[in-house]
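The values are calculated or read from the model by the stated rules, or taken from the named source; none is laboratory data. The shown structure was predicted, so the numbers you read here are calculated from the model rather than taken from an experiment. In this analysis, Cβ positions are derived from the backbone assuming ideal geometry, glycine residues included, and neighbour counts consider all displayed protein chains. Side chains included, ligands, DNA and RNA excluded: accessible areas come from the protein's heavy atoms. Shrake-Rupley method; radii C 1.70, N 1.55, O 1.52, S 1.80 Å.
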Amino acid sequence: MSTRPSNSSVTRPDEPCRIAVLIPCLDEAQTIAGVIRDFQAQLPDAAIYVFDNHSTDQTVAEAARAGAIVRREKRRGKGHVIRAMFRQVEADIYVMVDGDGTYPADKVRELVRPILDDEADMVVGSRLLAGAHSQFKIPNRLGNLAFRLLLNALFRVSITDLLSGYRVFSRRVVKSLPFLSRGFESETELTVKCLERGYRIVEIPVHLSPRPTGSHSKINVALDGFLILDTMLAL
């Protein structure tokens, strides 16, 4: 899989392109401002949206103070937030990234490039592709391994990271893909539906950093693992 220099321009003079950075968020006051600033530095012309999922901390205030466009989705669940983001935001290229500060903003130009060059419809920042150095908890690593083995067997593909929250989409995918998930099974649905509709998926290695002290994951390993498996088999 080819990669490109991260310092290359994300737009070409004859092809202006609107990029939106979409950050789904729930109680990420500790990290959200840093995530916004990092992506502002990498994509100064992009519009940065924070879609808050009814946080009870200062996430909204911190996001607004950092310069993001803040919108709210009160229905709990990442899938609800993704549907709201895709429905409400108009752009040519969509960057989706979690607000927990674990994904590297300095890789975003590399992830955007295959969309600009019409080489991909969805680009996944893979935490497990060769070249990535990621810090996983053991249950998360084992779950991801089991799900991707099943996915690759069913679809005869070689996806390395089914559950990454760091993705870039073309407008065609965002505005045409029927999307029904409610929770953390959303990444699974995005991947499976792109595969079954023949959309081109490219993976690029990214390093996953640990959450800072005091920041907590919202994933329920058992429940969300069941929902991911159920979604994959149902689709």
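Take the conditions open to solvent by 20 Å² or more (accessible area, probe 1.4 Å) and either modelled with pLDDT of 90 or more or of a type in the set (Val, Ile, Thr) (or both) and apply them to PRO104. Does it pass?
Judged against the criteria, PRO104 is a match.
Within the stretch 171-180, is even one residue surrounded by 21 or more Cβ atoms within 10 Å (Cβ to Cβ) and closer than 24 Å to GLU90 by Cα? Full working, then the answer.
The initial filter retains those residues of the stretch 171-180 that are surrounded by 21 or more Cβ atoms within 10 Å (Cβ to Cβ), namely 173-174.
Filter once more, so that each one left must be closer than 24 Å to GLU90 by Cα: 173-174.
Scanning the stretch 171-180, I find at least one residue that is surrounded by 21 or more Cβ atoms within 10 Å (Cβ to Cβ) and closer than 24 Å to GLU90 by Cα, so the answer is yes.
Which residue pairs have Cβ atoms closer than 9 Å, lie 6 or more positions apart in sequence or on different chains, and pair a first residue in the stretch 144-159 that is within 20 Å of GLY198 (Cβ to Cβ) with a second residue that is of a type in the set (Asp, Glu) and open to solvent by 50 Å² or more (accessible area, probe 1.4 Å)?
Sorted first by the residue in the stretch 144-159, then by its partner, the pairs are PHE155/GLU196.
Taking the options ARG75, ARG113, name whichever one is touching a Ser or Thr at 6+ places or on another chain (Cβ under 8 Å) and among the charged types (D, E, K, R).
Criteria check complete, one pass: ARG113.
Is it the case that ALA146 is at pLDDT 95 or above, hydrophobic (A, V, I, L, M, F, W, C) and in contact with a helix residue (DSSP H, G or I) (Cβ under 9 Å, 6 or more places away or on another chain)?
It is false that ALA146 is at pLDDT 95 or above, hydrophobic (A, V, I, L, M, F, W, C) and in contact with a helix residue (DSSP H, G or I) (Cβ under 9 Å, 6 or more places away or on another chain).
Hey, does the stretch 220-234 have a residue that's modelled with pLDDT under 65, surrounded by fewer than 16 Cβ atoms within 10 Å (Cβ to Cβ) and either in contact with a Lys or Arg (Cβ under 7 Å, 6 or more places away or on another chain) or assigned to a loop (DSSP other than H, G, I, E, B) (or both)?
yes
Condition check: under 17 Å from the mean Cα position of the chain (by Cα), modelled with pLDDT under 75, closer than 21 Å to ARG75 by Cα and not in a helix (DSSP H, G or I). Does GLY183 satisfy that?
Yes: the conditions hold for GLY183.
Would a scan of the stretch 151-169 turn up a residue that is farther than 24 Å from ARG109 by Cα and open to solvent by less than 10 Å² (accessible area, probe 1.4 Å)?
yes
Is at least one residue of the stretch 56-68 buried (at least 19 other Cβ atoms within 10 Å of the Cβ), at pLDDT 95 or above and touching a Leu at 6+ places or on another chain (Cβ under 8 Å)?
Checked against the condition, which is being buried (at least 19 other Cβ atoms within 10 Å of the Cβ), at pLDDT 95 or above and touching a Leu at 6+ places or on another chain (Cβ under 8 Å), the stretch 56-68 yields at least one hit.
Kindly evaluate GLN40 against the criterion of being of a type in the set (S, T, N, Q) and more than 15 Å from LYS107 (Cα to Cα). Break it down into steps so the answer makes sense when it comes.
Details: of a type in the set (S, T, N, Q): yes; more than 15 Å from LYS107 (Cα to Cα): no.
Spelling it out, it is not the case that GLN40 is of a type in the set (S, T, N, Q) and more than 15 Å from LYS107 (Cα to Cα).
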